[in-house]
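The values are calculated or read from the model by the stated rules, or taken from the named source; none is laboratory data. Given the structure is predicted, the values throughout are model-derived calculations rather than measurements. Please note: Cβ atoms are built from the backbone with ideal geometry, for glycine as well, and neighbour counts cover all protein chains shown. Keep in mind that these areas ignore ligands, DNA and RNA; they rest on the heavy atoms of the full protein, side chains included. Shrake-Rupley method; radii C 1.70, N 1.55, O 1.52, S 1.80 Å.
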Amino acid sequence: MAETTEPDDPAGPQEPTLDEQIAAYQREYRDLDPQVEKVVSALGRLNRRMNVAYGRQVAALGISNAEWEVLKTLLLAGEPYRLGPGELAKRLGLTPAAMTHRIDRMAGEGLVTRDRDENNRVRVIVELTDEGRTKWLEAMRMASDFEEDLLQDLTSDERGVLGEMLIRLLRRVEHAQPDAGGRLTDLD
């Protein structure tokens, strides 16, 4: 029987450093620009780690990332924080069936209400509740603390420059991939 050993790190195997990853890529693909790869790999890792942190924060509030997205979308719609399910699905890049499932769950948790439109009884309106807005505000407080900590080593000027550079990259991707804002598959 082979002997097994516990990893030194209880979190499991470690991801290679960016330099190690880039060196491996260059070994296999000699035309790789290491500066470009360092930027995109760092952005990818940062995005994954931030998503994990945000997921833990909303989970601590008893909601999922998917529910957070609905709360955010309703809030961004402005007062009175209501949209039809079809519009919500479109803005979130979901199918109507996935949106219905999500709304059912959230209505059961008291985060949103779903009622018939008084002016058009065929139309349904999804509205943010006080409980849903409270959850959104608490998640924002937690995210703000996390983000301030994340950027603590950057000066105000550096934050401004970084923000402008990232917006330029985002605009290029949005221009090249205009349909990439929504999800291509349901995540629920």
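Yes or no, residue by residue, for (1) under 30 Å from residue 162 (Cα atoms); (2) in contact with a strand residue (DSSP E or B) (Cβ under 8 Å, 6 or more places away or on another chain); (3) among the aromatic types (Phe, Trp, Tyr):
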residue: 16; (1), (2), (3): yes, no, no
residue: 42; (1), (2), (3): yes, no, no
residue: 68; (1), (2), (3): yes, no, yes
residue: 85; (1), (2), (3): no, yes, no
residue: 90; (1), (2), (3): no, no, no
residue: 109; (1), (2), (3): no, no, no
Filter pass, residue 38 being among the charged types (D, E, K, R) and buried (at least 18 other Cβ atoms within 10 Å of the Cβ): no
Residue count for the stretch 73-99, restricted to those that are within 17 Å of residue 113 (Cβ to Cβ) and charged (D, E, K, R): 3
Boolean, residue 83 is surrounded by 15 or more Cβ atoms within 10 Å (Cβ to Cβ) and closer than 18 Å to residue 127 by Cβ: yes
Subset tally (residues that are within 14 Å of the chain's Cα centre (by Cα) and in contact (Cβ under 8 Å) with a residue 40 or more places away in the chain) for the stretch 54-90: 10
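Filter the stretch 148-172 down to the residues that are of a type outside the set (Gly, Ala, Ser), open to solvent by less than 80 Å² (accessible area, probe 1.4 Å) and under 20 Å from residue 40 (Cα atoms) and list them by number.
Within the stretch 148-172, 150, 151, 154, 159, 162, 166, 167 meet the criteria.
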Near pairs, Cβ below 7 angstrom, 6+ apart or cross-chain, from the stretch 20-43 (free of Cβ contacts under 8 Å to residues at least 40 places away in the same chain) to any residue that is among the acidic types (Asp, Glu): 22/37; 25/37
